[in-house]
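The values are calculated or read from the model by the stated rules, or taken from the named source; none is laboratory data. If you're wondering where the values come from, they're calculated on a predicted model, not measured in any experiment. So basically every Cβ, Gly included, is an ideal-geometry build from the backbone, and we count neighbours across all protein chains shown. Protein only, heavy atoms only, side chains kept; ligands, DNA and RNA dropped before computing areas. Shrake-Rupley method; radii C 1.70, N 1.55, O 1.52, S 1.80 Å.
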Amino acid sequence: MLNIIGSKRLEALKDKCGIFGIYGKGEDVARISFFGLYSLQHRGQEGAGITVTDGRRLKSVKGLGLVPSVFDKAKIESLTGFAAIGHTRYSTTGGNKLCNVQPIVLDFGPDQFALAHNGNIINAMELIKTLPKTVKLESTSDTEIMGHVIKNSPGRTWEEKILNSFEKLQGAFSMVALTKNKLLVFRDTFGFRPLVLGKLNGGAYVACSETCALDTIGARYVRDVAPGEVIIVDEKGFTVAGRVKSKRKSFCLFEYVYLARPDSIINKQLVHQVRQRSGELLSYEAPVAADMVVAVPDSGTSAAIGYSKASGIPYGEVLIKNRYIGRTFIQPEHKIREMGVKIKFNPLRQIVKGKRIIIVDDSIVRGTTIKKIVKVLKSCGAKKIHVRVTSPPVTDPCYFGIDTPDKNQLIASHMKVKQIEKHIGADSLAFLSLDGLIKASRLKSGILCSACFDGRYPMPVTGGFRKDVFE
Ligand code: 5GP
Ligand code: MG
């Protein structure tokens, strides 16, 4: 989801988010959505919302903050109906406004349409110009623009309109949408962001960003939503309304590196195993003598286990994470981010002292986290610190739904590996090769998006939406 101020200026570009949808007569759809969103909390921590339908009107509860702080028992119980959609929101600087918290509900008289979006529409600014003059935007989000584009596309039904809007909507969108009598599920033709389908024993259908949410609510995984597919669930059951042809698939590699939970399965690959294989391959690509392999928890843990297994160097814990602190990356201001790193990890000094340590993290973005950690470990008397990163250097921003910063803030966009090594104060630094990461994913490179590592975007990204053009 992208944010715009008024209709002119981009405020923050990229969000990764968690989405959840359910259709099930007789089910407590709001409570199930709450638990679904709870397990998608890692995809967005700045806001959450649930919209339900009882067949007459849509009703929503939305708020800023974590899922359990937005919803209490009374709020969940106020949401009665047979279908629901929900969203966990992740935004960047200044984009944290209540009006942007999803689901976005559009009122077209008796016809209401609610949307929850994971992704980013890159031509949102141009699309605004194509909307009827009567449209008044109430948020600063591309998801609202998307809703109006769909509404104004040809078609008798919502599903026809959605199918006919695909050629206009450029970018990434994994979606759940709700009208007063149906749940709609659709995904862009590239398939940037994950989207899966599940079924509850009672017969309710579920769609969500990651399989971990299906596990939480006790649903069975059915299949992934195919890129370009538009699905309806209503009183007639589950129907594929149509599928827009996919010219090129472009699944996000960074989902495996960092975004998804390790217990989720994406494209038939368990994320934990992909990370573990990344660690194994990195130990072959960049071996080094050491006493122990440790992780930057939690995102580096699976990979560190793999590195340890393949290298034969014992795995241990040296950083104790305060799990009540949110993801440091989310704090937009540099100062706060720096403090965030300090309060997030506390080292086990006695264990670190005198050791040669291989520290494994999943990625280096700005370089803030790892620099602090190397400093902390050195101050505990570590003999050597070898940093191993189980993804290639992040050199280019993502325009398809991840909050990577501007190119100039990406440390690897302007520093070579040796320079970064010096900058972070490590005795050695190595990144996994792109080939290694693709190998670890067990997917073909032609169906993956690796633009953040190689700048090869699957569609042109220059034009009127770049952040630097507007700020
Ligand atoms: P850096 O401190 O280099 O800017 O960020 C790298 C660290 O942040 C790594 O530990 C990685 O696990 C984590 N990270 C990578 N991408 C993201 C992201 O999109 N959001 C958040 N919150 N953390 C990230
Ligand atoms: Mg991390």
Checklist entry - In the structure shown, do any of 59/151; 59/321; 268/422 have a Cα-Cα gap over 30 Å, and if so which? => result 59/321; 268/422
Checklist outcome for this item: Counting only DSSP beta bridges fully inside the chain, the antiparallel percentage to nearest 5 is 80
Item to check | Cα principal axis extents for the range 12-254, largest first, Å | outcome: 42, 41, 37
Checklist entry - Using Cα atoms only, what is the angle between the long axis of helix 334-344 and the major principal axis of the chain, expressed in degrees (0 to 90) to the nearest 10? => result 70
Checklist outcome for this item: Quick tally, 1.4 Å probe accessible area for 355, 182, sorted with the most first, runs 355, 182
Checklist outcome for this item: Taking every C-alpha to C-alpha distance in the chain and binning by 10 Å from 0, the per-bin percentages run 4, 21, 31, 25, 13, 5, 1, 0
Item to check | Long-range amide H partners of residue 188 with built H, under 5 Å | outcome: 173, 174, 228
Checklist entry - Tell me, what is the 1.4 Å probe accessible area of residue 99, in Å² to the nearest 10? => result 60
Item to check | Principal axes of the range 231-326: Cα extent on each, largest first, Å | outcome: 61, 35, 18
Checklist outcome for this item: Note to self: with every protein chain in place and a 1.4 Å probe, the range 12-254 gives an accessible area per residue in Å² of 35
Checklist outcome for this item: Output row, site residue 234, 7 Å Cα→C-beta label point, backbone N cut-off 20 Å, window the range 171-188, residues 175-187
Checklist outcome for this item: From DSSP H assignment alone, runs of 4+ in the chain each adding -39500 (n - 2.57), the sum over residues rounded to the nearest 500 puts [θ] at 222 nm at -7500 deg cm²/dmol
Checklist outcome for this item: Env charge @ residue 415, Cβ radius under 10 Å, K,R +1 / D,E -1, value +2
Checklist entry - To the nearest 10 square angstrom, how much accessible area does residue 240 have with a 1.4 angstrom probe? => result 70
Item to check | Most to least accessible of 215, 406 (protein chains only, probe 1.4 Å) | outcome: 215, 406
Checklist outcome for this item: Where a ≥ b ≥ c are root eigenvalues of the Cα gyration tensor, a/c under 1.5 meaning rounded, otherwise prolate if a/b exceeds b/c and oblate otherwise, the range 345-471 counts as prolate
Checklist entry - What is the dipole size for the range 203-267, taken about its Cα centre, with +1 at each Lys and Arg Cβ and -1 at each Asp and Glu Cβ, in debye to the nearest 20? => result 420
Item to check | Rounded tilt (10° steps) of 368-379 against the dominant C-alpha axis of the chain | outcome: 30
Checklist outcome for this item: About its Cα centre, the range 348-463 carries a charge dipole, from +1 on Lys and Arg Cβ atoms and -1 on Asp and Glu Cβ atoms, whose size in debye to the nearest 20 is 800
Checklist outcome for this item: Note on the range 356-471: contact order normalised by length, alpha-carbon pairs under 8 Å, 6 or more apart, percent, works out to 28
Item to check | Heavy-atom SASA rank of 317, 229, 126 (probe 1.4 Å, accessible area, largest first) | outcome: 317, 126, 229
Next on the checklist: Probe radius 1.4 Å, ligands and nucleic acids ignored: give me the carbon and sulfur share of the accessible area of the range 12-254 as a rounded percent.
Outcome noted: 53
